Amino acid sequence: MHYYTAVVHRDGESAYGLTFPDLPGCFAAADSWDDIPAAANEALDLWFEDQDDVVPSSLGKLQADPAIQAELKEGAVLFPVPYIPADTTLERVNISIERGLLRAIDTTAKSRGMTRSAFIASSTRRELVGHS
């Protein structure tokens, strides 16, 4: 998992705009601050459909960039975005988990029409990147 840094802009009451200095042409918009992780990950998924893997720049390197410094002076902020590449290949694993927690997972998954595996994957993704 890599962390790509987004530069988040907002003019007045407009939506939040995101650009990724390491990924030319990768951008996103989010209606609220809480929507930024989902919007950012969707943009990263789309960008990496046609691009090779890119090693993210360090925070220090980005902060030293004069163009980014100018954006920060105008009110932009840097937002680290954890990115898990889209890879839908399933892999069987063996885990140990508390019995009570497993029962709660199974009950909740069933009530949502999900399998145990789908529920665990969705919950884990939400914990790692902020959305499912």
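The values are calculated or read from the model by the stated rules, or taken from the named source; none is laboratory data. Predicted model only: the values in this text are computed from it and were never measured. Backbone-built Cβ (ideal geometry, glycine too); neighbour counts: all protein chains shown.
For the stretch 52-68, a residue qualifies if it is surrounded by fewer than 13 Cβ atoms within 10 Å (Cβ to Cβ) and not hydroxyl-bearing (Ser, Thr, Tyr), and the qualifying residues are 52, 53, 55, 59, 60, 64, 66, 67.
Residue-level check: of (1) modelled with pLDDT of 95 or more; (2) closer than 30 Å to residue 22 by Cβ, residue 100 misses just (2). There is no residue in the stretch 90-97 that is farther than 28 Å from residue 8 by Cβ, surrounded by fewer than 13 Cβ atoms within 10 Å (Cβ to Cβ) and within 18 Å of the chain's Cα centre (by Cα). Residues that are aromatic (Phe, Trp, Tyr), closer than 22 Å to residue 46 by Cβ and modelled with pLDDT under 95: does the stretch 117-127 have at least one? No: zero hits.
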